[in-house]
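J.: Can you keep this structure in mind? I'll have questions shortly.
Laboratory data are not the source of any read-out in this text; all were calculated from the coordinates shown. On a predicted model such as this, the values are computed, not experimentally measured, just so you know. Ideal geometry is used to build each Cβ from the backbone, glycine not excepted, and the neighbour counts take in all protein chains shown.
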Amino acid sequence: MTQKKFETEAIRTQVERTNFLEHSNPLYLTSSFIFEDAEDMRASFSDEKQRNIYSRFSNPNTSELIDKICKMEEAESGFAFATGMAAVFSTFAALLSSGDHVVSASSVFGSTHSLFTKYFPKWHITTSYFNINEPETIESLIKPETKILYAESPTNPAIDIIDLELLGNIAKKHNLILIIDNCFATPYLQQPIKFGAHLVIHSATKLIDGQGRVLGGITVGNANLIKEIYLFSRNTGPALSPFNAWILSKSLETLPVRVDKHCENALKVAQFLENHSKVNWVKYPFLKSHPQYQVAKKQMKFGGNIVAFEVKDGIDGGRQFLNTIKMCSLSANLGDTRTIVTHPASTTHSSLEQDDRLKVNITDGLVRISVGLEHIDDIIADIEQALAT
Ligand SMILES: *Cc1c(COP(=O)(O)O)cnc(C)c1O
């Protein structure tokens, strides 16, 4: 059967119905599954049969979520994890050996950066970093032991964009595994596999859940690589719970309509900020002023829900903004129905020196807004009153 449209697959991809002929997929809260007889059990354990054995390996709810995201990303296969970080860690740990080398953008999610700097060196895995805005430097970092090329686009929190097609070409030329953390774009806005990525990672906690309820992560892509990741995870135990998988699969049914609206609201917020006298600059992928606007247009359907901008007066200005905002939440999550504002220089990135923050494009006055689904007039009114005081 040919694949249906994205919106239809998001709703109609479903595991087989039970004898009750339920319309919506039920929750399979079971740790294990039973066997018909000794032969069935033997064949299942030797992988001759594709079936559920134990929920650390697979479960109908997680299988449904994986199938859906595979269709959305046009991926062959996948594995679902308890958190986005479990997906990132398990993907690297399954594929890397002592002595291997990774080339990564320097502006990656904080905990991913900690894996590269604090933990992988313990296993003699080293990482070299490139500036996301200088992709021409990537090839000079590649060594014979380089195995993985890694990036996020758009980046957190500076909303920089990198050309995925260019990364795909570099990976192909040097025989590297290209892994993209596609969390900020979602599979609805951007499909890195089309540009040459071998694996795509998501923190499902963000726009995939979209309502700030559960944590989850997923890796999808090339079937041979996923097989390695599956075997590693089946033994080490980072599996997603069936309950969270059920929530996330339900959430995907509304992903296209939610993300359409998030993007519409975010573009309006970005346009409002661009014309505001108290704002130094605004970064949003679908504003013409974004340095990689053309690349964003090429690889993304819309600009996403995150807007970065700089208030005047640096750290104090950023803290002042957080203190005067009323409706928008101060919270670490993003991609929620509720609009969330953060000030990276005084919070998530405060342990870095100012110079190191600037290397990843985080200026003292940078504010990140995860634009939600409240009425746009109320979101803008809140931002406006906070900038006025
Ligand atoms: C949040 C996030 C993660 C980590 O996901 P968790 O579900 O919080 O573990 C990884 N990458 C990016 C880009 C994120 O925003």
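J.: Arranged from highest to lowest average of other beta-carbon atoms within 10 Å per residue, in what order do the peptides 5-14, 298-307, 42-51 appear?
T.: Taking the mean over residues of other Cβ atoms within 10 Å, the ranking is 298-307, 5-14, 42-51.
J.: What are the radius of gyration and Dmax of segment 56-205, computed over its Cα atoms and given in Å?
T.: Both quantities, over Cα of segment 56-205: 14.8, 45 Å.
J.: In whole percent, what relative contact order does the chain give with Cα contacts below 8 Å and a gap of six or more residues? Write down the numbers at each step before the final one.
T.: Details: 751 pairs, mean separation 65.5, N = 389.
Result for the chain is 17 percent.
J.: Let me ask another. Taking just the C-alpha trace of segment 255-388, give me its Rg and Dmax in Å.
T.: Expressed in Å, the Cα Rg and Dmax of segment 255-388 come to 14.2, 40.
J.: I'd like the distance between the alpha-carbon centres of segment 263-296 and segment 182-214, rounded to an integer number of Å.
T.: If we compute the Cα centre of each part, the gap is 22 Å.
J.: Here's another thing I want to ask about it. In a Gaussian network model over the chain where Cα atoms closer than 10 Å are linked, find which of ARG17, ARG258, ARG338 has the largest mean-square fluctuation.
T.: ARG17
J.: How large is the dipole of the chain about the Cα centre if only Lys and Arg carry +1 and Asp and Glu carry -1, each at its Cβ, rounded to the nearest 20 debye?
T.: Here the size comes out at about 80 debye.
J.: Oh, and also: So what are segment 233-300's ellipsoid semi-axes, whole angstrom, largest first, if each one is the square root of 5 times an eigenvalue of the alpha-carbon gyration tensor? Intermediate values should be presented prior to the final figure.
T.: Values: eigenvalues 254, 49, 33 Å².
Semi-axes, largest first: 36, 16, 13 Å.
J.: Run the numbers for THR324 and GLU374: contour at 0.36 nm per residue of separation, minus the present Cα-Cα distance, in nm.
T.: Full extension from THR324 to GLU374 adds 16.1 nm.
J.: Moving on. Where does each of 374-384, 93-103 land if you order them by average Cβ count within 10 Å, highest first?
T.: Top to bottom by mean Cβ count within 10 Å: 93-103, 374-384.
J.: If Lys and Arg each add +1 and Asp and Glu each add -1, what is the summed charge of the other residues whose beta carbon sits under 14 Å from the beta carbon of ALA381?
T.: -3
J.: Highest first, please rank the peptides 68-76, 264-272, 234-242 by the mean number of other Cβ atoms sitting within 10 Å of their residues.
T.: With the highest mean Cβ count within 10 Å placed first, the list reads 68-76, 264-272, 234-242.
J.: Let me ask you something else. What is the Rg over Rh value, at two decimals, for the chain, using alpha-carbon atoms and the Kirkwood definition of Rh?
T.: Using Cα coordinates only, the ratio equals 0.98.
J.: Excluding residues fewer than 8 places away in the same chain, name every one of the aspartates and glutamates whose C-alpha is closer than 18 Å to that of LYS147.
T.: Correct list for LYS147: ASP100, GLU139, ASP181, GLU228.
J.: Count charges around ASN280 for me, please; just the other residues with Cβ under 12 Å from its Cβ, Lys/Arg as +1, Asp/Glu as -1.
T.: Residues close to ASN280 contribute a combined charge of -1.
J.: Treating only the Cα positions of segment 18-90 as identical point scatterers, give the base-10 log of I(q)/I(0) from the Debye formula at each q in 0.17, 0.23 Å⁻¹.
T.: Those come out to -0.84, -1.19, one per q.
J.: Quick check: the distance between the Cα centres of segment 326-342 and segment 89-107, to the nearest angstrom?
T.: One Cα centre to the other: 31 Å.
J.: Rounded to the nearest whole Å³, what is the per residue volume of the convex hull around the Cα atoms of segment 157-211?
T.: Each residue corresponds to 81 Å³ of Cα convex hull volume.
J.: For the cross-link pairs LYS68/LYS359; LYS71/LYS173; LYS227/LYS301; LYS297/LYS359; LYS206/LYS298, which exceed 32 Å when the distance is taken from alpha carbon to alpha carbon?
T.: LYS68/LYS359
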